[in-house]
Amino acid sequence: MKPTFIDNQEGNTLASAIKNHLKVLRDKDVTPNEICISTAFFNPQGFERILSEIKHIGKVKLLLGADPTPEAYRKHRMPGDPKEPLITADEIEKSLKRLLEGINTDRDFLSYAPVVNNAINKLIEFLKSDQIEVKRYTGSFLHAKAYLFRGNERGLISGSSNLTYAGME
C-alpha cells in the first residue's frame, strides 16, 4: 500500500481506500489473513461501507475504545482529590459511560429507513459469524484510529476517521 492522503472529499473516502486496497489484493489472490481495527466510535452504517470487501478476510478484529475528555473540559485536580491512577480510571469510566449513552441515543433515534435497517441486519449477520472478534479497551483512553491489514501483503491506514458513516465517507 503506497502512502496516500485520504480527505473524504470528492470520492477520496476512507471507505473507498479500504475497499479498493482489499479488492486489488483479492484480485491478485493475496487477501490479508486479518484486519485489525481500532476506533473510538462505531456505527452499523460505517461498518456497512466496508463490509463488501472485509467479508473476504479470514478474521476481523475490532477494538473499541473511548475518547478522552477534551483538556479544556477536564476538572483541575484540587488538594484532597484522588491521585493517579485513580483520576484517569475515573475519567475513563465516565467517558465509557458517555459513549454508551451516546450509542443508546443513536440507536433510539435511528430512522426506520430501509438503508439503515439493511446496515443493521448486515452487521447482525456478520457478528453471528466466527469471522469477527470485538473487544472494548478500558485500560486507558483509546482515541487512535487504525486499520491494520495482516498477512503476506500488509498495510496500514491511520488517521482521524472512526468506523462510522461520517468517518468512512
Practice problem: Leaving out ligands and nucleic acids, note down the accessible area per residue over the chain with a 1.4 angstrom probe, in whole Å². | Solution: 64
Practice problem: Would you tell me the accessible area of E84, worked out with a 1.4 angstrom probe on the heavy atoms of the protein chains, in Å² to the nearest 10? | Solution: 110
Quiz prompt | Accessible-area order (highest first, 1.4 angstrom probe) of the listed residues V24, V60 | solution = V24, V60
Quiz prompt | Neighbourhood net charge (13 Å Cβ-Cβ; Lys/Arg +1, Asp/Glu -1) for T31 | solution = +3
Practice problem: Can you check what the net charge comes to around L63, using other residues whose Cβ is under 10 Å from the Cβ of L63 (Lys, Arg +1; Asp, Glu -1)? | Solution: +2
Exercise. Give me the lysines in straight-line cross-link reach of K122: C-alpha distance below 24 Å, same-chain residues under 8 apart excluded.
Key: K19, K23, K55, K59, K61, K135, K145
Self-check item: Probe 1.4 Å, all protein chains present, accessible-area order of D27, D81, largest first
Solution: D27, D81
Practice problem: Under 24 Å Cα to Cα from K83, which lysines show up? Leave out anything in the same chain fewer than 8 places away. | Solution: K75, K94, K97
Self-check item: In order through region 18-27: 3J(HN,Hα) via Karplus (6.51 cos²θ - 1.76 cosθ + 1.60), integer Hz, x for Gly, Pro
Solution: 5, 5, 5, 4, 5, 5, 4, 5, 5, 5
Exercise. Convert each backbone phi in region 97-108 into a coupling constant with the Karplus relation 6.51 cos²θ - 1.76 cosθ + 1.60 (shift: θ = phi - 60°), then list the ³J(HN,Hα) values in order as whole Hz, x for Gly and Pro.
Key: 5, 4, 4, 4, 4, x, 4, 5, 5, 4, 4, 5
Self-check item: Candidate residues T39, T88, T164, T4: accessible-area rank, largest first, probe 1.4 Å
Solution: T4, T88, T164, T39
Quiz item: Rg and Dmax of region 1-132, using alpha carbons, in Å: what are they?
Solution: 19.0, 62
Quiz item: With each run of n ≥ 4 DSSP H residues scored as -39500 (n - 2.57), what mean residue ellipticity at 222 nm is computed for the chain after dividing by its residue count and rounding to the nearest 500 deg cm²/dmol?
Solution: -12500 deg cm²/dmol
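The values are calculated or read from the model by the stated rules, or taken from the named source; none is laboratory data. Predicted, not measured: the structure shown is a model, and the values here were computed from it. Cβ atoms come from the backbone with ideal geometry, glycine included; neighbour counts cover every protein chain shown. For the accessible areas, the whole protein counts, side chains as well, though only heavy atoms, and no ligand, DNA or RNA atoms are used. Shrake-Rupley method; radii C 1.70, N 1.55, O 1.52, S 1.80 Å.
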